[in-house]
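Asks: Here it is: the structure, laid out below.
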Amino acid sequence: MSDVELHKDLRAGVRELCRSFPDTYWRELDARRGYPDTFVRALTDAGYLAALIPEEFGGSGLGVAEASVILEEINRSGGNSGACHAQMYTMGTLLRHGSDAQKRGYLPAIASGELRLQAFGVSEPTTGSDTTQLKTTAVRKGDVYVVRGQKIWISRAEHSDLLLLVVRTTPPDQVKKRTDGLSMLLVDLRKAVGHGLTIRPIRTMMNHATTELFFDDLEVPVDALVGEEGKGFRYLIDGLNAERILIAAECVGDGRWFIERATKYANDRVVFGRPIGQNQGVQFPIARAHVNVEAADLMRIRAAELFDRGEPCGAEANMAKLLAADASWEAANAAVQTFGGFGFAEDYDIERKFRETRLYSVAPISTNLILTYVAEHVLGLPRSY
Ligand SMILES: Cc1cc2nc3c(=O)[nH]c(=O)nc-3n(C[C@H](O)[C@H](O)[C@H](O)COP(=O)(O)OP(=O)(O)OC[C@H]3O[C@@H](n4cnc5c(N)ncnc54)[C@H](O)[C@@H]3O)c2cc1C
């Protein structure tokens, strides 16, 4: 099957699945900040969340391009991939750097849905975007690591069995490079909660199931270490391009959803005896947002192709994420303006998606940090931080 046919099939399949989860489903969850368990289960049962897991471990062995199509279609249908995308973007770390025992032990169970790998723990309250300075420590004592510290904004921790956790295993004053000394642990949350790990939910402006984690001498078996000790930052960076591409695709999905809804409303709504969409003042913001979403999509496709061919794609992945997050936010604003007062009414879903898509200019990486990457690594300007 050609890539074009495969993507067409994937889009049709995800769209069909999403039809069972209409606006009312997401709206009701949003109101009570509920987790979309039924949706995530359906997506898992249909095999979509195992897209990146190799066939030998029970997945479908697809590339990031295909995974991005799946997430795009979820957002395009009015849903929110934020509930389940982490499994896709943490997968590369386990595949590339996990031991055979870890892969054999976890991947088939993740593919079947028996285990959920939906939590990724990097961010900390005091160090923010300055990841190399993170302070949560893991000190080896015999056959365990003892983990102490705090993480913030760790999404879906309450709805995941496993957490890929970035910790400091060597103090910053004992490392040669500031990127050394961090490690990745695959923590079994089912054993950790109540035995040194406390999870505190954080209520945010959108329904995102994010939390704060407190590690108080949590003991994690040493065989939970992914790859080599001290190389965690490199593994983290390795996975970031996939994450950027997947988030860009979600933003493209959001952007297309906003544009479709705004266009329909502008055609239907009659004021002053004609459709509001007949006014250029209403048309142009929607048309401009469309242009920008489509341009962002091209960069996302290019980045995904490079990624799946194993070629360097840091510049493209970062640019795709920035362009797509900007474009979906622009489309969200255009939709609110087009809907007028109704843009603010919960029953129209525009305000919900508006809140949801706003996140992507800040997380998983903020726009400024992407610009610093482009300035330094693409243009050769001096490092600014
Ligand atoms: C809902 C939600 C879900 C999240 N989920 C996860 C998750 O699952 N796992 C996880 O690990 N993290 C998660 N995050 C954290 C997210 O990745 C961070 O919030 C994000 O990377 C920004 O870090 P910060 O909030 O510490 O901002 P800060 O680093 O404090 O930055 C604040 C502002 O200052 C700007 N800034 C900082 N330094 C510079 C500089 N040198 N130059 C220019 N501008 C600068 C930033 O761009 C930003 O706009 C989530 C966040 C949110 C809000």
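Asks: Quick one: of Lys321/Lys353; Lys177/Lys321; Lys8/Lys103, which pairs are farther than 22 Å apart, Cα to Cα? Could you put the intermediate results ahead of the total?
Replies: On the way: Lys321/Lys353 18 Å; Lys177/Lys321 28 Å; Lys8/Lys103 30 Å.
Beyond 22 Å: Lys177/Lys321; Lys8/Lys103.
Asks: Find the relative contact order for the chain and round it to a whole percent, using C-alpha pairs within less than 8 Å whose residues are 6+ positions apart.
Replies: Values: 706 pairs, mean separation 58.4, N = 385.
Result for the chain is 15 percent.
Asks: If I model a spin label at Asp37 and Arg309 as a point 7 Å from the Cα along the Cα→Cβ vector, what separation in nanometres do I get?
Replies: 4.5
Asks: Here is a follow-up. Amide H neighbours of Val226 under 5 Å, counting only residues 5+ apart in sequence or on other chains, H built in-plane at 1.01 Å?
Replies: Counting only residues 5 or more places away or on other chains, the set is Met184, Leu185, Leu186.
Asks: How large is the charge dipole for the chain, taken about the Cα centre, if only the Cβ atoms of Lys, Arg (+1) and Asp, Glu (-1) carry charge, to the nearest 20 debye? Numbers along the way, then the final one.
Replies: Numbers: 45 positive and 51 negative charges, 162 e Å.
Charge dipole of the chain: 780 debye, to the nearest 20.
Asks: If you don't mind, there's one more thing I want to ask. Under a point-charge model restricted to the Cβ atoms of Lys and Arg (+1) and Asp and Glu (-1), what is the dipole moment magnitude of the range 223-301 relative to its Cα centre, in debye to the nearest 20?
Replies: Roughly 660 debye for the range 223-301.
Asks: HN-Hα J couplings of the range 227-236 from phi, Karplus 6.51/-1.76/1.60, θ = phi - 60°, integer Hz, Gly and Pro as x?
Replies: Each residue of the range 227-236 in turn: x, 8, 5, x, 9, x, 5, 4, 5, 4 Hz.
Asks: Counting DSSP beta bridges with both partners in the chain, what percentage is antiparallel, nearest 5?
Replies: Working: 31 of 38 bridges.
The answer is about 80 percent antiparallel.
Asks: What does the extension gain come out to for Asp268 and Gln150, with contour length at 0.36 nm per residue minus their alpha carbon separation?
Replies: On the way: separation 118, 0.36 × 118 = 42.48 nm, distance 5.09 nm.
Between Asp268 and Gln150, full extension yields 37.4 nm more.
Asks: What does the range 317-368 give for Rg and for Dmax, in Å, if only its C-alpha atoms count?
Replies: Radius of gyration, then largest Cα-Cα span, for the range 317-368: 12.0, 36 Å.
Asks: Excluding residues fewer than 8 places away in the same chain, name every one of the aspartates and glutamates whose C-alpha is closer than 17 Å to that of Lys176.
Replies: Partners found: Glu228, Glu229.
Asks: For a quick check: with amide H placed at 1.01 Å from N, whose amide H comes under 5 Å from Leu218's, ignoring anything fewer than 5 positions away on the same chain?
Replies: It is Val147, by chain and number.
Asks: So, one more: Need one number for the range 1-73: average projected area of the convex hull over its C-alpha atoms, nm². Present the calculation step by step, with values, prior to reporting the outcome.
Replies: On the way: hull surface 20.9 nm².
It is 5.2 nm².
Asks: Per 0.36 nm of contour for each residue apart, how much would the distance between Met1 and Asp217 grow if the chain were fully extended, relative to their Cα-Cα spacing? Don't skip to the end; give the middle numbers.
Replies: Working: separation 216, 0.36 × 216 = 77.76 nm, distance 5.11 nm.
Going from the current span to full extension adds 72.7 nm.
Asks: Using the number of other C-beta atoms within 10 angstrom as an exposure proxy, rank Ser384, Ser68 with the fewest first.
Replies: On the way: Ser384 9, Ser68 31.
Placing the least packed residue first, the sequence is Ser384, Ser68.
Asks: Using 0.36 nm per residue, how much length does the chain from Gln278 to Glu260 gain when fully extended, once their Cα-Cα distance is taken away? Walk me through the numbers before you get to the answer.
Replies: Numbers: separation 18, 0.36 × 18 = 6.48 nm, distance 1.59 nm.
Separation in residues times 0.36 nm, less the Cα-Cα distance, equals 4.9 nm.
Asks: With every atom except the alpha carbons ignored, what do you get for Rg and Dmax of the range 240-351, in angstroms?
Replies: Looking at the range 240-351, its Cα Rg and Dmax stand at 16.1, 56 Å.
Asks: Sticking with this structure for a sec: If R₀ is 22 angstrom, what is the calculated FRET efficiency for the pair Lys177 and Val362, using the beta carbon separation as r and rounding to 0.05? List each step's numbers first, then the result.
Replies: Working: r = 28 Å, r/R0 = 1.26.
Step by step, r from the Cβ atoms, then E = 0.20.
Asks: Something else about it: What does the net charge come to around Val69 if you take all other residues with beta carbon closer than 13 Å to its beta carbon, with K and R at +1 and D and E at -1?
Replies: Surrounding charge for Val69 is -4.
Asks: Compute the signed sum of charges (Lys and Arg +1, Asp and Glu -1) over the other residues within less than 12 Å, Cβ to Cβ, of Gly78. Write out the running numbers ahead of the final one.
Replies: Values: positive: Arg15, Arg19, Arg27, Arg76, Arg256, Arg261, Arg352, Lys353; negative: Asp23, Asp30, Glu73, Asp254, Glu260, Asp349, Glu356.
Summing Lys and Arg as +1 and Asp and Glu as -1 gives +1.
Asks: OK, next. Just want the ordering: Val222, Val146, Val282, from fewest to most Cβ atoms lying within 10 Å of their own Cβ.
Replies: Numbers: Val222 14, Val146 17, Val282 21.
Going from sparsest to densest Cβ surroundings: Val222, Val146, Val282.
Asks: Let me ask something else. Once Rh for the chain is found with the Kirkwood sum over Cα pairs, what is the Stokes-Einstein diffusion coefficient at 10 °C and 1.306 mPa s, in µm²/s? Each step should come with its number before you reach the end.
Replies: Values: Rh = 21.6 Å.
For these conditions, the coefficient is 74 µm²/s.
Asks: If neighbour count is taken as other Cβ atoms inside 10 Å, put Met184, Met205, Met91 in order from fewest to most.
Replies: On the way: Met184 32, Met205 9, Met91 26.
Ascending number of Cβ neighbours within 10 Å: Met205, Met91, Met184.
Asks: Mind giving me the nanometre distance, one decimal, between the label points for Lys191 and Tyr385, set 7 Å out from Cα along Cα→Cβ?
Replies: The two pseudo-label positions are separated by 3.6 nm.
Asks: Tally Lys and Arg at +1 and Asp and Glu at -1 over the other residues with C-beta under 12 Å from the C-beta of Val220: what net charge comes out? Spell out each step's value before the answer.
Replies: Numbers: positive: Arg140, Lys141, Arg148, Lys191; negative: Asp143, Asp188, Asp217, Glu219, Asp223.
So the environment of Val220 carries a net charge of -1.
Asks: Using amide H atoms built 1.01 Å from N in the peptide plane, name the residues 5+ places from Gln118, or on other chains, whose amide H lies under 5 Å from its own.
Replies: Amide H neighbours of Gln118, under 5 Å, 5+ apart: Asp161, Leu162.
Asks: Then there is this: Considering Cα pairs under 8 angstrom that are at least six residues apart, work out the relative contact order of the range 71-201 and quote it in whole percent. Present the calculation step by step, with values, prior to reporting the outcome.
Replies: Numbers: 174 pairs, mean separation 25.9, N = 131.
Averaging sequence separation for qualifying contacts and normalising by length gives 20 percent for the range 71-201.
Asks: Could you check the simple spin-label distance between Arg288 and Lys141, using points 7 Å along Cα→Cβ, in nm with one decimal?
Replies: Roughly 6.0 nm, to one decimal.
Asks: As I understand it, the dipole of the chain uses +1 on the Cβ of Lys and Arg and -1 on the Cβ of Asp and Glu, about the Cα centre. Which of Val167, Ser112, Pro312 lies farthest toward its positive end?
Replies: Val167
Asks: At a threshold of 8 angstrom on Cα-Cα distance, excluding pairs fewer than six apart, so keeping six or more, what relative contact order does the range 1-133 reach in percent? All intermediate terms of the calculation are to be shown ahead of the outcome.
Replies: Numbers: 129 pairs, mean separation 33.3, N = 133.
Here the relative contact order equals 25 percent.
Here, each number is a calculation from the coordinates, and none is a lab measurement. These numbers come from a predicted model, not from an experiment. FYI the Cβ positions are ideal-geometry reconstructions off the backbone, even for glycines, and counts take in every protein chain you see.
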